[in-house]
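Since the structure comes first, as structure tokens, the remarks are kept for the end.
Coordinate-derived values only; no laboratory data. This is a predicted model, so every value here is computed, not measured. Every residue, glycine among them, receives a Cβ derived from its backbone with ideal geometry; neighbour counts consider all protein chains shown.
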Amino acid sequence: MSKVLVTGGAGFIGSNLVDKLVAAGDQVTVVDDLSMGLITNLSKNRQVSFYQKSITNHDFMKKLLLQENFDYIYLLAAVASVADSIARPYETHQINQEANIYILEVIRKYHLRIKKLLFSSSAAIYGSNPELPKNENSTVDPLTPYAIDKFSTERFVIDFGKLYGIPTVAVRFFNVYGPRQNPKSPYSGVLSLISQAILHHSAFTLFGSGEQTRDFVFIEDVVQALLLLTKKSDLKYEVFNVGSGKHVSLLQVIKVYEKISGFKLKTNIRDERQGDIKHSYADITKLLAVGYKPKYSISSGLKLYWESLQN
Ligand code: UD2
């Protein structure tokens, strides 16, 4: 049994990770302010302790870290919207960067003996770099407060780890989708918005031609990658793309989803979103080399996602 902290653990990616940790017998602490997360994402279980707190609450975080002596820490709490970071650059910086550096600082200052700390970065850091697919050595071009915070925190986590002997890794998520992705914001993941539209027979707004491509990766594969990267003790101070290694256009994805659900999506077409990236897909050679075995195609993942929405 390990003691594990998951910040953002009531959210989409976090709560799916928590389920797997619990199944493995771990004792899990979740810190989440429920800004996007939902308490109902967490099963009532004696192995899970939940705190409705912001990671920006330094006193709380320090006490928790000193009291619990975690083996593993997953830093998943974030304002995950690029557009929100443009609207509230200073506030999102406090969450997406500063709060995470404070956690590292407590670990350093009090010599906490953690086995691994993982930080969740984003494909957003590649920005408008046209190179495809993106590998971990591709040029980064962070264009928004969100991308800047993700990139600089990623560097902080890796170099802080090296300097002070704290085993750290970082992941760059591509377009993660699946059960529990919250469609409540207009900036939520596109597949959660398409799901809502199909489910409620409402209209979906398509920005641009629909020919833009994304590397959609199913949540179960993402959780597999997170566990793999933290549990391998010799693996540290490295950053990994987490994607499917494939890319499809929005129009293709919609077609697949219509077939699976048996519904025709009503679509309103609008101008392309400002700052939208045309094509994005991950080179996952590095992740494959450490034993990652993605199990879901876009159609098998969407099928499970659709089934989860029926309940
Ligand atoms: C994703 C991440 C973002 C960042 C970025 C890195 C999500 C929710 N966002 O942004 O955090 O890491 O990748 O590159 O995973 N679209 C529509 N209609 C809608 C919503 C979206 O047409 O109602 C389009 C949108 O213009 C874009 C595509 O769908 O071309 C994907 O949009 P998204 O917001 O799901 O994800 P993305 O790739 O912009």
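For the reader, a short list of remarks on this structure follows.
- Once both labels are positioned 7 Å from their Cα atoms along Cα-to-Cβ, the gap between residue 259 and residue 199 label points is 2.3 nm.
- Applied to the range 69-83, the Karplus parametrisation 6.51 cos²θ - 1.76 cosθ + 1.60 on θ = phi - 60° returns per-residue 3J(HN,Hα) values of 6, 5, 7, 10, 10, 10, 9, 10, 5, 6, 8, 8, 9, 4, 5 Hz, with x for Gly and Pro.
- The chain: most fluctuating residue of 23, 83, 99 per GNM, C-alpha cutoff 10 Å: 23
- Long-range amide H partners of residue 240 with built H, under 5 Å: 170, 171, 172
- With θ taken as phi - 60° and the Karplus curve 6.51 cos²θ - 1.76 cosθ + 1.60 applied, the whole-hertz 3J(HN,Hα) list for the range 292-302 is 5, 10, x, 10, 10, 8, 4, 6, 5, x, 5 Hz, x standing for glycine and proline.
- Spatial separation of Cα centroids for the range 230-273 and the range 92-135, in angstrom: 22 Å
- Over the chain, relative contact order from alpha-carbon pairs under 8 Å, at least 6 apart, %: 17 percent
- Lys/Arg +1, Asp/Glu -1 at C-beta; the chain dipole; positive extreme among 290, 143, 205: 290
- Hits among aspartates and glutamates - C-alpha to C-alpha of residue 236 under 16 Å, sequence gap 8 or more where chains match: 71, 136, 154, 159
- Note on the chain: antiparallel DSSP beta bridges, both residues inside, total approximately 5 percent of the bridges counted.
- The chain - mean residue ellipticity at 222 nm from DSSP helices (-39,500 (n - 2.57) per run, n ≥ 4, rounded to 500): -11500 deg cm²/dmol
- Near-label residues of the range 161-181 by backbone N, under 11 Å of a point 7 Å along Cα→Cβ of residue 68: none
- Pairs exceeding a 27 Å alpha-carbon distance, out of 3/53; 20/134; 62/293; 3/109; 150/231: 20/134; 62/293.
- Interchain or long-range residues, amide H under 5 Å from residue 135's placed H: 283
- With a Förster radius of 45 Å applied to the beta-carbon distance between residue 267 and residue 137, the computed FRET efficiency rounds to 0.75.
- Test item: Cα-centred dipole of the range 223-309, Lys/Arg +1 and Asp/Glu -1 on Cβ, debye: 240 debye
- The 3J(HN,Hα) values that the Karplus relation (6.51, -1.76, 1.60; θ = phi - 60°) gives for the range 238-253 are, in residue order, 10, 10, 10, 5, 10, x, 9, x, 10, 9, 9, 7, 4, 4, 5, 4 Hz. Gly and Pro appear as x.
- Cut-off 15 Å between beta-carbons: net charge of the residues surrounding residue 115, Lys and Arg +1, Asp and Glu -1: +2
- Formal net charge of residues neighbouring residue 174 (Cβ-Cβ distance under 9 Å; K, R +1; D, E -1): +2
- Taking label positions 7 Å along the Cα-Cβ direction at both residue 274 and residue 45, the computed distance is 4.3 nm, reported to one decimal.
- Distant-in-sequence amide contacts of residue 49, defined by a placed amide H-H separation under 5 Å and a gap of 5 or more residues or a different chain, comprise 28, 29, 30.
- The range 7-106 - charge dipole about Cα centre, Lys and Arg +1 at Cβ, Asp and Glu -1, debye rounded to 20: 240 debye
- Listing 149, 33 from fewest to most neighbouring C-beta atoms within 10 Å gives 33, 149.
- Within the chain: Cβ-based charge dipole about Cα centre, in debye rounded to nearest 20 (Lys, Arg +1; Asp, Glu -1): 680 debye
- Lys/Arg +1, Asp/Glu -1 at C-beta; the chain dipole; positive extreme among 164, 47, 224: 47
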